[in-house]
Amino acid sequence: MRFSFKTGMVIAVVCIVIILGLLFVQEAREDEQLKVVTTYSIIHDLVENVAGDRVELDTMVPIGEEPEEYEPLPEDMQNVSEADLVFSNGLGIEHWLVSMIQNVAPDQNMVEVTEGIEPFYLYDGGLQGEPDPHAWLDPILVRDYYIPNILDALIELDPEGEEYYQQRAAEYQKELGELDQWIEEQVEQISVENRILVTSEGAYRYFVEAYGFEEGFIWQINAHEEGTPQQIADLIDSIREQEVKAVFVETSVSHRPMERVAEEVGVPIGGVLYSDSTDEPGSENDNYLSMMEHNVVTIVEVLGGIE
Ligand SMILES: [Zn+2]
């Protein structure tokens, strides 16, 4: 009786120790989940494609807003100061991030995913001579710079995940190559003289250069001046001069200035394109690959249908 009571006690104690041990390990694992912050939806999607479920991702700029003119919230500062790593596009688009990091987390580990890209430069408006940040609109730059930069940073942060990240990055890079091939084929349907892409913000420089278009815009980059009477008058002149048959608007900026241009010149608005943001999570174009496909289908349907 004494013996079996003692044995029972020992078993009970051992059980309690094991249970506490398991709870402790579980909690430690949850604490170990790496926290990564990205600046806006496009960077979020690209990072997620490599990181999978090994990191917890937070993103600052809400879907559909301009990353150029974002004003960080107190919760962003909190997230950044607690993050293991922050990914930004760089090339000046998140100018608000630099001062924010200096204030709240000067030692923060930060990676600009455009590192190594030879950028185009702005040539119109107040930011002339500054780099054009919209490099993600060329999928080959995403494949050859964005993804390798993301991959290197994740492996450095989490070496145990190396194989996992590498496999995911390689699969995604293959899809980006296929997207590029597909865009090349689609653009063939547009006659050379109709390959003119006119949008509100001149965000598509990397896209037009990659696929043989000319570009037109009301303003070159989202800043304080979006659609001044002078900008609108200039675009109207160039649309008439180049006999542009259709113009486009974007999801992340007001459609009103381009509607005025279209009314004035008598050309249709060919559709709504994505540039600086994906669509809401769960919708058809909530990711980079789909938003690019949507853009190309929209552009080709309109400009490819013109004699
Ligand atoms: Zn932009």
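Can you tell me which of (1) farther than 17 Å from Ser191 by Cβ; (2) buried (at least 18 other Cβ atoms within 10 Å of the Cβ); (3) not acidic (Asp, Glu) is the one Val244 doesn't meet?
Val244 satisfies all of (1) farther than 17 Å from Ser191 by Cβ; (2) buried (at least 18 other Cβ atoms within 10 Å of the Cβ); (3) not acidic (Asp, Glu) except (1).
Please find, among Ile140, Ile150, the residue that is touching a Leu at 6+ places or on another chain (Cβ under 9 Å), surrounded by fewer than 17 Cβ atoms within 10 Å (Cβ to Cβ) and among the hydrophobic types (A, V, I, L, M, F, W, C).
The match here is Ile140.
Within the range 255-272, which residues are within 16 Å of the ligand (Cβ to nearest atom) and open to solvent by less than 20 Å² (accessible area, probe 1.4 Å)?
Pro257, Met258 - these are the residues of the range 255-272 that are within 16 Å of the ligand (Cβ to nearest atom) and open to solvent by less than 20 Å² (accessible area, probe 1.4 Å).
Tell me, which residue of the range 153-175 that is touching a strand residue (DSSP E or B) at 6+ places or on another chain (Cβ under 9 Å) and under 14 Å from Leu46 (Cα atoms) is surrounded by the most Cβ atoms within 10 Å (Cβ to Cβ)?
Per the criteria, the residue is Leu154.
Tell me, please, whether a residue that is more than 23 Å from the chain's Cα centre (by Cα), modelled with pLDDT under 95 and open to solvent by less than 40 Å² (accessible area, probe 1.4 Å) can be found in the range 281-304.
Yes.
Any idea which of (1) within 25 Å of Asp180 (Cα to Cα); (2) of a type in the set (A, V, I, L, M); (3) part of a loop (DSSP other than H, G, I, E, B) is the one Leu151 doesn't satisfy?
Leu151 satisfies all of (1) within 25 Å of Asp180 (Cα to Cα); (2) of a type in the set (A, V, I, L, M); (3) part of a loop (DSSP other than H, G, I, E, B) except (3).
Give the residue that is most open to solvent (accessible area, probe 1.4 Å), with candidates limited to residues of the range 85-111 that are over 16 Å from Asp58 (Cβ atoms) and away from the ligand (no atom under 16 Å from the Cβ).
Restricting to residues being over 16 Å from Asp58 (Cβ atoms) and away from the ligand (no atom under 16 Å from the Cβ), the top hit is Asp107.
So which residues in the range 176-203 are open to solvent by 10 Å² or more (accessible area, probe 1.4 Å) and in contact with a strand residue (DSSP E or B) (Cβ under 7 Å, 6 or more places away or on another chain)?
Result: Arg195, Ile196.
Might you check whether a residue that is within 19 Å of the chain's Cα centre (by Cα) and either more than 16 Å from the ligand (Cβ to nearest atom) or in a strand (DSSP E or B) (or both) occurs anywhere in the range 127-138?
Yes: one or more hits.
So which strands (runs of 3 or more DSSP E) stay within the range 34-96 end to end and still have 1 or more residues that are within 22 Å of Tyr274 (Cβ to Cβ) and out of contact with any strand residue (DSSP E or B) (no Cβ under 9 Å at 6 or more places or on another chain)?
Once the strands (runs of 3 or more DSSP E) in the range 34-96 are filtered for at least 1 residues that are within 22 Å of Tyr274 (Cβ to Cβ) and out of contact with any strand residue (DSSP E or B) (no Cβ under 9 Å at 6 or more places or on another chain), nothing remains.
If the requirement is being of a type outside the set (Lys, Arg), surrounded by 20 or more Cβ atoms within 10 Å (Cβ to Cβ) and either at pLDDT below 95 or assigned by TED's automatic domain parsing to the domain that holds Trp96 (or both), which of these qualifies: Ser252, Ser275?
Among Ser252, Ser275, only Ser252 is of a type outside the set (Lys, Arg), surrounded by 20 or more Cβ atoms within 10 Å (Cβ to Cβ) and either at pLDDT below 95 or assigned by TED's automatic domain parsing to the domain that holds Trp96 (or both).
The values are calculated or read from the model by the stated rules, or taken from the named source; none is laboratory data. Not measured: the values here are computed from a predicted model. Virtual Cβ from ideal backbone geometry, glycine too; neighbours counted across all protein chains shown. SASA here: full protein model, heavy atoms, side chains in, ligands and nucleic acids out. Shrake-Rupley method; radii C 1.70, N 1.55, O 1.52, S 1.80 Å.
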